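Okay, structure first, notes after.
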Amino acid sequence: MNLCELAPEYIRAISPYQPGKPISELAREMGMDERFIIKLASNENPLGTSPLALEAMSKALDEVALYPDGSGFELKAALSRRYGVTSSQIVLGNGSNDVLELAARVFLKPGASAVYSQHAFAVYPLVTQAVGASGISVPARNYGHDLDAMLDAVTPETRIVFIANPNNPTGTLLAASAVLRFLERVSPDVLVVLDEAYNEYLPNTVKADSIGWLKRFPNLLITRTFSKAYGMAGVRVGFGLAHEEVSGLMNRVRQPFNVNSIGLAGAAAALEDVEFVKRSYALNQAGMLQITTGLRQLGIEYIPSYGNFLSFHVPGDVKAINQSLLKQGVIVRPIGIYEMPQHLRVTVGLESENRKFLKSLEIALGLSPETTSEAQPEQITAIDPEIVTGESA
Ligand SMILES: Cc1ncc(COP(=O)(O)O)c(C=O)c1O
């Protein structure tokens, strides 16, 4: 027997996470010029990065010979000012993925289980399986989390319930009252991981006071990220907020320098960049309207989304349609691994990118450009919460 065959079965059974195809890869594969390719596959910010973060990160370059501040003092101080928590309640991560993994390493083990929803973010089953725990996937309702069924699925061995709000890739949002009711009913010996990676894209009218709930629920962990609305996916900074006993345990297993010095400096500055987040939000609202309007004109069904992305139903051969989009220089995300083989997920881009996506989709679907006019959103400047609707909010 060779060494790799002796690795635990639960590790060998993991199917690797499939990231969005990088622009450079498609350019190589298709012999295309990178400038003609648009990537709408990884829910990145089409506006780029917060200018304040960029400035702070370029300054931080001067000090990359030194190890980062392993305690993340400045960033934690900025986060505690912003969110009214103590520094000891914060866990910093190499992206919020890292925080999700830390939660699994602290609270799961072989014999324990984690509950998550069907179609929920792929990292939950991954981190669960990586520590030899079992995952309980609960059938979704209208593509969203069915919290009653998830509560029923909790067993005495369950140590974590993952809730993505909004969820990726479905974009569905649970109403704050529903999440609160879940927290009130679930056993306090189960950690509820409330993943709010897309929080900044929510209209204020539907935002939950989730951080306020930390005072009532010592079994709550909220995860957030600088990858999305702050435009810092490449430098990998995320964080978790929890009761200090929970964060204390997570900080014990964290690598001492898990967040790099450039990311630490950028994130602290980005938090102050309220204007950039506002612009990102407004662009996303307008782009969401542009895409949904265009899809409706093409007769394509989509799942109303609260994120910076949207999953739509593809009539016919998904592989062929995706291939046609790629040939036209448009990268979106097939989501077969989410048990949604007939859907593709598109990230909301710049106005011109959304237009190119819609036009390319029209061509990929074999719809004659003569019979279907190009999408014209009704009110591109709207920042109206009503335009983004969701099944379960
Ligand atoms: C729901 C959700 N949670 C967490 C993440 C992790 O993001 P990051 O590790 O970049 O913070 C993502 C990224 O796509 C996501 O969609």
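The values are calculated or read from the model by the stated rules, or taken from the named source; none is laboratory data. Note that the structure is predicted; figures quoted are calculated from it, not measured. Reconstructed Cβ throughout: ideal geometry from the backbone, glycine too, with neighbour counts over all protein chains shown. Please note that ligands, DNA and RNA were not included when accessible areas were found on the heavy atoms of the full protein model with its side chains. Shrake-Rupley method; radii C 1.70, N 1.55, O 1.52, S 1.80 Å.
Side notes on the structure shown:
- Members of the range 323-352 that are out of contact with any Lys or Arg (no Cβ under 9 Å at 6 or more places or on another chain) and either closer than 17 Å to R35 by Cβ or open to solvent by less than 20 Å² (accessible area, probe 1.4 Å) (or both): L325, K327, M340, H343, V348, L350, S352
- All told, L151 falls short of being at pLDDT 95 or above and closer than 19 Å to S80 by Cα.
- The range 285-302, residues that are closer than 16 Å to L358 by Cα, open to solvent by less than 20 Å² (accessible area, probe 1.4 Å) and within 23 Å of the chain's Cα centre (by Cα): A286, G287, M288, L289, Q290, I291, T292, L295
- Entry remark, the range 81-113: residues being within 16 Å of the ligand (Cβ to nearest atom) and either of a type outside the set (A, V, I, L, M) or not assigned by TED's automatic domain parsing to the domain that holds L126 (or both) number 8 in total.
- Of all residues assigned to the range 180-194, at least one qualifies as being touching a residue at least 12 places away in the same chain (Cβ under 8 Å), within 13 Å of the ligand (Cβ to nearest atom), of a type in the set (A, V, I, L, M) and over 19 Å from G111 (Cα atoms).
- Out of A130, A120, A78, sole residue that is within 16 Å of the ligand (Cβ to nearest atom) and open to solvent by less than 20 Å² (accessible area, probe 1.4 Å): A120
- Selection from the range 133-148 of residues that are open to solvent by less than 30 Å² (accessible area, probe 1.4 Å) and assigned to a helix (DSSP H, G or I): L147
- Only listed residue being in a strand (DSSP E or B) and more than 16 Å from the ligand (Cβ to nearest atom), chosen from R216, R224, R159: R159
- Conditions (1) away from the ligand (no atom under 16 Å from the Cβ); (2) touching a strand residue (DSSP E or B) at 6+ places or on another chain (Cβ under 7 Å); number of the one not met by L61: (2)
- Inclusion of Y281 among residues that are open to solvent by 30 Å² or more (accessible area, probe 1.4 Å), in contact with a helix residue (DSSP H, G or I) (Cβ under 9 Å, 6 or more places away or on another chain) and either in the same structural domain as N199 (by TED's automatic domain parsing) or modelled with pLDDT of 95 or more (or both) is warranted.
- Restricting attention to the range 1-20, the residues being open to solvent by 50 Å² or more (accessible area, probe 1.4 Å) and either polar (S, T, N, Q) or not in a helix (DSSP H, G or I) (or both) number 9.
- Of all residues in the range 195-206, those satisfying the criterion of being in a loop (DSSP other than H, G, I, E, B) and within 16 Å of the ligand (Cβ to nearest atom) are E196, A197, Y198, L202.
- Residue count, the range 151-169 (criterion: buried (at least 23 other Cβ atoms within 10 Å of the Cβ) and either hydrophobic (A, V, I, L, M, F, W, C) or in contact with a Cys (Cβ under 6 Å, 6 or more places away or on another chain) (or both)): 5
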